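Nothing in this text is a laboratory measurement; each read-out follows from the coordinates by a stated rule. Everything numeric here is computed off the predicted structure, so don't read it as measured data. Cβ coordinates were reconstructed from backbone atoms using ideal geometry, including for glycine residues, and neighbour counts include every protein chain displayed.
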Amino acid sequence: MCRQVFGFRLAMIAVAAPAALLNAVPGLGTRLVGAAVVVTFMGSYVLFRDWERFGPLLLRHPSLLAVDTLFGTLLLISAGPDTTLAYVSVCTPLLAGVVYGWRGAACFASLQSLILLLVHATLVRESGVSLAERLLLPGLCVITGAMGSSLRHLMLRFGAATQALTSVKARLAGTEAVAAERARLAREMHDSVAKTLHGVALAADALARSAGSPGMDPVIVRQHAELVARAARRAAAESRELLTDLRRESDPAQAVDLLPELATHTDMFGDRTGLPVTYQASGDRATLPVPPAVARQLLTITSEAMENAHRHAAPTHVEVRVAVNGGLLTLSVRDDGRGLPPGATLEQLRRTGHFGLVGMVERAASVGARIRIGHGHDSRGTEVRLELPLAALTGEEVV
């Protein structure tokens, strides 16, 4: 707002400067008026163009505005109170009210009103100017000073309200970030360590039953013990992998090539479970570097879909397909098992404690992907199909 006031002053000074120079007394008077024109015009121009830099000087030193007022008075005397310089005089109390508050507005409104009254008394005494006309501009100075002070008060209150709103938004954003991080860690634990530890518990129960049976077979006990040891080592490896991935996600510049990672995860799943699994990649790209956080979500969705098929669907075959065509990544995991229960919904699965499918949907949404879980093209089995626009990875096309 102060910048706009100085812009108005610039225009008024430029319009009235020729009249002030023409009416000045030749010689010293013309030089003084010319200096006043230069000082007032350049001061207004500097503050209009770069208020953020020079405005604090005006805030700290009210004497600068007083000096500007004196130079403006010299121009007003030379040009006359009936020129546009009178509007410059009215702007001074407005500016003082905005910058210095009601005390500054009262001080400069009184000073400017006194100057205008003295100019009228000395320059237009012989003309038939009425008292009301003489008091018009001083009265406007008082009014604009009060307006400036009121505007300052309103702007300060608005700024305080904006700051309070920003603080509330920051607290809400922090709360949402904490909740999102808790949900993410819950998904990571559910999809990795929790399932492996559940397998450790089942293997330990089988070991206990084998060791406590009357006809204990040392070979079977040894096999169960080795199974417990392998499951425990796998849980430790998954924990280290989880921590490594969480640390790697803090460096988004470290891209991960998704296609070979998908192939590796598919082969590892087949070797571990003994279930026939095929992996097929197609499209117009041989590599697909993506941010670590996105790679982890997609790999986890793929692993979770294969694990669900193995645990719950009793399939004879699992097929993983990935295709990159243009700007779209398509990833599907299909099995020929018994399929989803009739009428199953995400809310129902959430209430019954089956968070695997719910976690896949949340992971897909977190990277901007669309996911569909259903029968797919076949009436038998289940297909998890994910579509991710590549532009959604970083807001621009992936290199």
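Once you place label points 7 Å from the Cα toward the Cβ at Asn23 and Arg372, how far apart are they in nm?
8.2 nm
How high is the FRET efficiency from Thr316 to Leu202, r the C-beta distance, R0 25 Å, rounded to 0.05? Show your work: numbers first, answer last.
On the way: r = 23 Å, r/R0 = 0.92.
Computed FRET efficiency for Thr316 and Leu202: 0.60.
Report the calculated FRET efficiency for Thr162 and Arg3 (r = Cβ-Cβ distance, R0 = 22 Å), to the nearest 0.05. Before the final figure, lay out each step's value.
Values: r = 19 Å, r/R0 = 0.88.
That gives a FRET efficiency of 0.70.
Please give the net charge around Arg370, taking every other residue with its beta carbon less than 15 angstrom from that of Arg370, where Lys and Arg add +1 and Asp and Glu add -1. Mind dumping the intermediate values first?
Working: positive: Arg363, Arg372, Arg385; negative: Glu362, Glu383, Glu387.
Every neighbour counted, the sum reads 0.
Under a point spin-label approximation (7 Å from Cα along Cα-to-Cβ), what is the Leu114-Val358 distance to one decimal in nm?
7.7 nm
Quickly work out the Ala286-to-Ile143 label distance, labels modelled 7 Å from Cα along the C-beta direction, and quote it in nm with one decimal.
8.0 nm
Work out, step by step, the length gained on full extension between Met42 and Thr30: first 0.36 nm times the residue separation, then minus their alpha carbon distance; give nm to one decimal. Provide the component values of the computation, followed by the final result.
Values: separation 12, 0.36 × 12 = 4.32 nm, distance 1.80 nm.
Taking 0.36 nm per residue and subtracting the Cα distance, the gain is 2.5 nm.
Please give the contour-minus-distance gain from Thr330 to Asp257: 0.36 nm per residue of separation, less the Cα-Cα distance, rounded to one decimal in nm.
Numbers: separation 73, 0.36 × 73 = 26.28 nm, distance 1.53 nm.
Extra length available between Thr330 and Asp257 comes to 24.7 nm.
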